[in-house]
Structure formats: C-alpha cells, structure tokens
Amino acid sequence: QECSKKQKNDDTQSTSVDALSSSDGFEEKNEFHTLANAKILLSDCLACDNCMTSEEGARVFQQNQKELFRILNLNKKCDTSKHKVLAVSICPQSLPYFAAKFNLSVNDAAKRLCGFLKSLGVHYVFDTTIAADFSILESQREFVQRYQRRNQEEHALPMFASACPGWIRYAERVLTNLVTSHICTAKSPQQIMGSLVKGYFARQQNLSPDKIFHVIVAPCYDKKLEALREDFYTALYNSQEVDCVLTSGEIAQIMEQKNVSLKDVTEVAVDSLFDETKEGDVVRHDGKRSDGYLEHIFKHAAKELFGMDVKEITYKALKNKDFQEVTLEKDGETVLRFAAAYGFRNIQNMVLKLKKGKFLYHFVEVLACPGGCLNGKGQAQTEDGKPDKALLNQMEEVYAAIPVRLPETNMHVQKMYQDWLEGMDSKKVQETLHTKYSAVSQTASNLDIKW
C-alpha cells in the first residue's frame, strides 16, 4: 500500500488495534486472564500499519503481554521438555519512565523492576547498555572507514544511524537505495542484545537458543517490527534473536492489572551476562535523549581522523530543537559536520536535501520520535493518546543525571571481542554485530511532501 506518511496526518489521530482477538486460541483461564488486550497504536509510530503485510500485522499483534503469560503458564506445567528460560532485557531509555512514574531513583527503579519481573516467573533480567556499547563501537569504526573512503565510494558519506527501526523501515519501504546505502550496517542495541542472549549467553548456559524466550522492554512500538526482521532469524534453531517486545507502558499495565506499585516491590539486583555476577549502578552513554551515537562517533572521529581531543560538544539548534548541528573546525576549516534529526518532519527535510545534492553533513543521528527515544509512544503518552509533557520532562532529568560510561572502557566488551567474536576485524563480528539495509519496494515517487 501507499505510505500514509505521504499525506497530512492529524498529530492527534490514532488507530488502535486489539493485539489479539478473542479467537486467538489463548482462552485458557489462569491467574493472568484478567489482563486487558494490549492496544497497539501503530499510527503513532513512524512505521504506521499501512506498509505492513497481513502476516507482519498478525505477528506484531502477538507481541503483547499475553504472549509473555503464555510462556509463564507453559513453565508452570509439569512437562519440563516444553519449558523455556525466560530472559527480559531492559532498554536504558525505559528505566527513566519507571523512575519518574513511581518517584524512584533510576537504580531503585531498575532493581524493583527486576524484582517485579522475577515475581512473575522471569528467570533473568538484563540491562541492554552492553549491547549499545557494541553498537556504538562498531558505528564509530564504520564511520572512520567510510570517511577514509569518501573520495572512492559515492555512497560512503553521509552515514545515517541505524538504531531506530521506525526510521529504518521508512527508509527501506519508501526512500529506496538513495538512502539505504548510507545507513550504518551496525545492528541496533536491541538486536545485538538478541545476539548476546541467544548466542553468547545461551552457550555459557549450555542452552539451545530456541529454549530461551527473550523479551525486550522498550520505549516504542516500532521495536516490535524490528524483532520480526528476517535477518534476525536463525533457521537452524527456528529462533528469532528477540521473541517479543513489550513497551514500558505495557509493563506498567501488567502492574496495574495485578494492583502492584513498583514502590512496594522487593529490590533484586539486575543479572549480568557473565557468570553469577550482578550488574552495578545504572550507566548510560553520552547524548541527551538517545544512546549517544552522535557524540561518541563525533569524538572518536575527531581523535582518529584529526588528532583532536573533544571534551564537550556544543549543539546548534537549526529550524527547531529536534534538528541540531555539531561541527569540528581545524585551521579555520570545518572538517566534520554532524546533525541530530528527530521526528518525521526533520527526517523529510533531511532526505529532500540529500536528493537535491545539498547535503552538508557527514553523519546524522536519525530518530523517528520528536524528542528522541525517551519520547517513545510506548511510554510518553497519557491514556487519551496525547504526549505527557510533564512526565517526559521528568524522564529527561532522570536520564541526564545517570553517569556516563564510555563503551571503550567496558572490559567485558573488550574481552568478548577476543574470546567470543574472534577479534575486532573477524568475520564473526560482521555476522554477529552487523546487518544489511536495502530498499524493499519503492512506494513513493515524490519526496517533495509539504508539511
């Protein structure tokens, strides 16, 4: 179908779909039967439901709380051969939501959320920050390589970030190879976490990947679509890297249904992928409202390409606060020009400039949601579907206060490069941490859309 983003949409318009119909085959009465069907507001995402096939739609709608509870109930039955190891990985941008919503510190929120999930029957709860470490490090290396090849390869620059699935889907379905060839090939943190859990962790635990049911807790609905990509499926084990994505709001709905406040839950330390150790305090990456690709890649490129140590980055707002620019000057010349483009209107303007050959940027951090990942529609909306600005402001304050850790300083990451991935330049790194993006079909012939 035609992409509905070609037409003007009322920002308040939203089409909700029942996640599972009453004929979905899951009608067994159990302790979770009172849970309401999840509502998926796909028109609130950049990846609206107009470009979804019926098969994709059915599989997306299965990614809801009932699917989690189906596995939980399966594990309560006597037939252990059908039991699954339940692992839940939590995105860093989801934790500020729980901290702000329940008036907790981010560390308390992480531990109480872990305690709540384990009280349901989840076996392991992980933090996805380590996956973002890998994604950022691979993106840094790829940018430097692209920059060095810029005079030999037409599509080497600009490079676009690849962590936002709404942006990726729009690029593949609508923008064609004009854009997809410029997208960084590093997997998103979500999918690298899938590789870590179904690959590294499964091997450590002597488990077949299909024996693990891996759930991601994320800020937005588009992550459900990302989990279904064919390139994130292992045919040998008939297993996706990520089996189910639940938004922060869907987890909060489970709490409401069970009449539980996160404040009353016992704290349990978050698990580590390594041995029996536990995670320490929550850390984040540089960046105001994202995983910080722009800042990390900018500083790395400044050092690697120009021998300059950049300590602080100064953003210059252009047309609006969601389109900002960062530049590096050397000997009076601008040698690096980066941008952050958040929200569909800024993405559209960026693509128009690229099409017209007036694109000045070497790298752009692209995110579908205005305000970045913290403003994902799976956690930053009121019950009537409007943006919860007060909650978002609280989340931004909580996120900004989390200590920053550089990916290069994570000793676990460095060790895994050598022991698990067989070196930083290995074939296994390409197979495990990278993917390919390409045009699926050209559904929009005119990109000159007025907003």
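Annotations for the structure displayed:
- Among the residues of the stretch 265-291, the one identified as at positive phi and crowded, with 20+ Cβ neighbours inside 10 Å is GLY287.
- Listed by first and then second residue, the pairs with beta-carbon distance under 9 Å, at least 6 apart or on different chains, first residue in the stretch 348-360 and free of Cβ contacts under 8 Å to residues at least 24 places away in the same chain, second part of a helix (DSSP H, G or I) and open to solvent by 40 Å² or more (accessible area, probe 1.4 Å), are LEU360/LYS353.
- Some residue of the stretch 110-126 being of a type in the set (Ser, Thr, Tyr), open to solvent by 20 Å² or more (accessible area, probe 1.4 Å), in contact (Cβ under 8 Å) with a residue 12 or more places away in the chain and under 23 Å from GLN257 (Cα atoms): yes
- For the residues ILE297, ILE251, ILE313, the requirement of being open to solvent by less than 80 Å² (accessible area, probe 1.4 Å), modelled with pLDDT of 90 or more and within 20 Å of PHE134 (Cα to Cα) singles out ILE297.
- From LYS415, LYS428, residue being modelled with pLDDT of 85 or more, in a helix (DSSP H, G or I), assigned by the TED database to the domain that holds TYR293 and open to solvent by 90 Å² or more (accessible area, probe 1.4 Å): LYS415
- Of GLY371, GLY423, GLY378, all but one fail to be surrounded by fewer than 16 Cβ atoms within 10 Å (Cβ to Cβ) and either part of a loop (DSSP other than H, G, I, E, B) or at pLDDT below 90 (or both); the exception is GLY423.
- Segments classed as helices (runs of 4 or more DSSP H), wholly inside the stretch 91-176, with at least 1 members that are more than 20 Å from VAL245 (Cα to Cα) and either of a type in the set (Gly, Ala, Ser) or at pLDDT below 95 (or both): 95-101, 129-148
- From the list LEU74, LEU95, LEU68, LEU157, the one residue that fits, being of a type in the set (A, V, I, L, M), out of contact with any Asp or Glu (no Cβ under 8 Å at 6 or more places or on another chain) and surrounded by fewer than 17 Cβ atoms within 10 Å (Cβ to Cβ), is LEU74.
- Among (1) within 27 Å of ALA202 (Cβ to Cβ); (2) among the hydrophobic types (A, V, I, L, M, F, W, C); (3) open to solvent by less than 10 Å² (accessible area, probe 1.4 Å); (4) at pLDDT 95 or above - the single one CYS244 does not satisfy: (4)
- Yes/no for LYS428 being within 17 Å of the chain's Cα centre (by Cα) and over 22 Å from THR277 (Cβ atoms): no
- Test: residue in the stretch 241-249 that is within 19 Å of the chain's Cα centre (by Cα) and in a helix (DSSP H, G or I): yes
- Scanning the stretch 317-368 for residues being buried (at least 20 other Cβ atoms within 10 Å of the Cβ) and β-branched (Val, Ile, Thr) gives a total of 5.
The values are calculated or read from the model by the stated rules, or taken from the named source; none is laboratory data. Quick caveat, the model's predicted, so the values are computed rather than measured. FYI the Cβ positions are ideal-geometry reconstructions off the backbone, even for glycines, and counts take in every protein chain you see. Just so you know, the surface numbers come from the protein's heavy atoms only, side chains and all, with ligands and any DNA or RNA stripped out. Shrake-Rupley method; radii C 1.70, N 1.55, O 1.52, S 1.80 Å.
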